[in-house]
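What follows is a short report on a single structure.
Derivation of every value follows stated rules applied to the coordinates shown; laboratory data play no part. The structure displayed is predicted, hence computed values, not measured ones. Cβ placement follows ideal geometry from the backbone for every residue including glycine, while neighbour counts extend to all protein chains displayed.
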Amino acid sequence: MTFPANKPSRGVGDRNSIPHSAASRAFPSSEVAQSSAKGTGPAHTQGQVLPAWSVALPLWASDHWLWLVPGSSGSVRYRSGAITKILAAKQAPTLDQIPSTISYSLIVLDCRATRKLPDELWSRLAEMLAPGGLLLVCCLRDKRLPGRMRASTCGLSPSTWHVIEPGQEGNWHLRPASSSMRRLTLELNPPYTTRVWLARILYRWLPQRRTINCLPVWRSRVLG
Amino acid sequence: MIALLNGVLSGELLNEVAGKKVRDPLSLLHAGGPDSGRDRRLAFLSEAGAEQPFAVVKWGRGAWARGLVREQAAISQVRATSNPVLLDSCPPSWGPFESGPDTVVMIQRYIPSRSIYSQLRGNLWPRLLVDDHFARVSSWLGHFAQATLQAHRPLDEALIEEHIEAPLRTFAQLFGDDFVPRQAIDGITCAAKEHLGQSVPLIAKHGDLWPTNLLSPYSRAGGLYVVDWEHYRQVSLGGFDMLFFCTTYSRDFPWRPMGWMEYEVALSRAFIQRTWLAGHVELALTDYHAAIELPRGLAPILLAVLMARMSVRHVEAMPGRTPDPQAYWPRVFHAWRCRPSNSWLDVWAG
């Protein structure tokens, strides 16, 4: 909230676009193959290798985070990182085969392309999370999912549904999917232009195509 | 506890921040962009299903971490004053907590409020808000000056050197003699020396009093919350905060519907032409100068120094950033230096 060097620019619209296949964009196959061959590989910056909307997620708050993209064949592409450092992408035949020598304080499960998530997934992810860790499940909105997680009795505590939505000038927001939090988010990011203002009025009633549903899930009790 | 941020946000701490027992699980509100500073972030925490957050978490690394340390120290100082208006305007804050190498976290109680900037930019008739904004800010600055007044002392060479000449020289070194000619510095310094011997106040300075950092509470008609204290200074020549507010208010005001005005035009409408906004600025400056007993004649000088200081701050805040004469503060410095001699502020200053 400090003073910007300049006023916000007058450009409108988000520069980044969300591809239909998040997996292919987040982890281009050539990059996966190259990284797998080289092992750990060099660190990357967020804008280069993760989807544009990843800026809405608090990766900076995690000293060990993991980004998972399950494929249709059961394989999983994954990328790990520390705060804002991002390591090269890898691929594992199954989730169980991802090396888990450390526990992660944040795991992002980008399964928007996956229709049905197996219930056994949750216990495995709970094992990979540090106590008090956060799992962000980015998927199609399923009202029954929080209940299924609680029923799996693996110590996961789902919050309410959130949304990741585009803001102005390439910004993305993560917020609870409620009208009061929408209002707060808009107040924190007042419109730079009339066009943005009109678009906001429009999207109040129409679904925003690029909005991503996200369910934050905490491991075990968060608060003492 | 939360594993994020190296576990510094314990359940006990969150309960204390919220002022009640917090129910888990938590929800998050966070924004980021391609241009977001990689070294500073902000997130809001709420209980799942709650209507509003209960805490604001600030994270900083490197220079921003040191800024958070300064901010927490400043908030502690301000909250230690006995002035109830200041105490009420400064949200309780906890920290700084180390969350890793050269990274720091602080957490503040969320106060339901909306920034003056947001009100201006989100309103179809922003002009209707101006009277209320200036009244709140003037009242708050009056209390702030009263509570932090160190002394009144005669303006002397040492004060001019420290608060006027040195910042201008640094500005000239950074931006070059072509942009800040020697005679410009000499002119401002000479104008300041005309006030030698006059009594001036030494008070604390918030240092970043622009509309985004001023929050208007939802719950009451009056009052103001002031955030982002990282540029606080305990002792400064009085007058800078009010000029800072007036300058940035004019810049951020949507002069066109949801649009932006050229920097020089916005500056002119605040300090040069006699516009409706200039009327508000004049009233605020008249009351403020009288309240803190600051000679009016110093206002045009301090305005130039403010612009020079801010130009320098923006270069120094980001390692590797090069001076850009087209950025806001250098441009308005240039516009102010080249103003017509009959600007209303000069006439007002006598």
- Given H placed on each backbone N at 1.01 Å, which residues far from A:Tyr104 in sequence or on other chains put an amide H within less than 5 Å of it? A:Leu129, A:Ala130
- Query: Which of the listed residues, A:Leu215, A:Pro70, A:Leu59, is farthest toward the dipole's positive end in the protein assembly as shown, when Lys, Arg count +1 and Asp, Glu count -1 at the beta-carbon?
  - Reply: A:Pro70
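Is there a quick way to get the dipole size of the stretch A:80-173? I mean about its Cα centre, with the Cβ of Lys and Arg at +1 and of Asp and Glu at -1; what is the value in debye to the nearest 20?
I would put it at about 240 debye.
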- Mean-position separation - Cα centroids, the stretch B:26-87 and the stretch A:92-157, in angstrom: 30
- Message: Charges on Cβ only, +1 for Lys and Arg, -1 for Asp and Glu, centred on the Cα centroid of chain B; of B:Thr275, B:Phe179, B:Pro257, which one is farthest towards the dipole's positive end?
- Response: B:Pro257
- Of the residues B:Pro25, B:Pro323, B:Pro211, which exhibits the maximal mean-square fluctuation in a Gaussian network model of chain B defined by a 10 Å Cα contact cut-off? B:Pro25
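Please state the charge dipole magnitude for the protein assembly as shown, taken about the Cα centre, from unit charges on C-beta atoms (+1 on K and R, -1 on D and E), reported in debye and rounded to the nearest 20.
So the magnitude is around 2180 debye.
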- So how tilted is helix B:299-317 from the main axis of chain B? Cα-based, degrees 0 to 90, rounded to 10. 50
- Item | Charge tally in the Cβ shell below 12 Å around B:Gly197, where Lys, Arg are +1 and Asp, Glu are -1, B:Gly197 excluded | -1
- chain B, relative contact order in percent, only Cα pairs under 8 angstrom and at least six apart counted: 16
- Message: Starting from the Kirkwood Rh over alpha-carbon pairs, what translational D in µm² s⁻¹ does the stretch B:233-346 have by Stokes-Einstein at 37 °C and 0.692 mPa s?
- Response: 222
- Query: Using only Cα atoms, what is the ratio of the radius of gyration of the stretch B:1-109 to 2.2 N^0.38 Å?
  - Reply: 1.09
- Cα gyration tensor category, rounded, prolate or oblate, for the stretch B:286-350 with a/c compared to 1.5: oblate
- Note on the structure: Under the 7 Å Cα-to-Cβ spin-label approximation, A:Arg150 and A:Ser73 lie apart by a distance in nanometres of 3.9
- Between 0 and 90°, nearest 10: helix B:166-175 axis offset from chain B longest Cα axis: 80
- Message: Straight-line reach from A:Lys116: which aspartates and glutamates fall under 17 Å, measuring Cα to Cα and dropping same-chain residues less than 8 apart?
- Response: A:Asp142
- Taking only Cα atoms, what is the 0 to 90° angle, nearest 10, from helix B:276-292's long axis to the longest principal axis of chain B? 90
- Message: Ignoring GluC sites (Glu not before Pro) that are buried or in helix or strand per DSSP, and keeping those with at most 14 other beta carbon atoms within 10 Å, what is the longest stretch of chain B between them?
- Response: B:52-193
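In deg cm²/dmol, rounded to 500, what helix-only [θ] at 222 nm does chain B give when every DSSP H run of at least 4 residues adds -39500 (n - 2.57) and the total is split over its residues?
One gets -14000 deg cm²/dmol as the mean residue ellipticity at 222 nm.
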- Item | Debye log10 I(q)/I(0) for the protein assembly as shown, one point scatterer per Cα, at q = 0.06, 0.08, 0.11, 0.12 Å⁻¹ | -0.34, -0.59, -1.03, -1.18
- Query: Going down the list B:Lys58/B:Lys205; A:Lys90/B:Lys58; A:Lys85/B:Lys58; A:Lys143/B:Lys20; A:Lys85/A:Lys143, which pairs span over 27 Å between their C-alpha atoms?
  - Reply: A:Lys90/B:Lys58; A:Lys143/B:Lys20; A:Lys85/A:Lys143
- Test item: A:118-126 mean partner chain Cβ contacts at 10 Å: 0
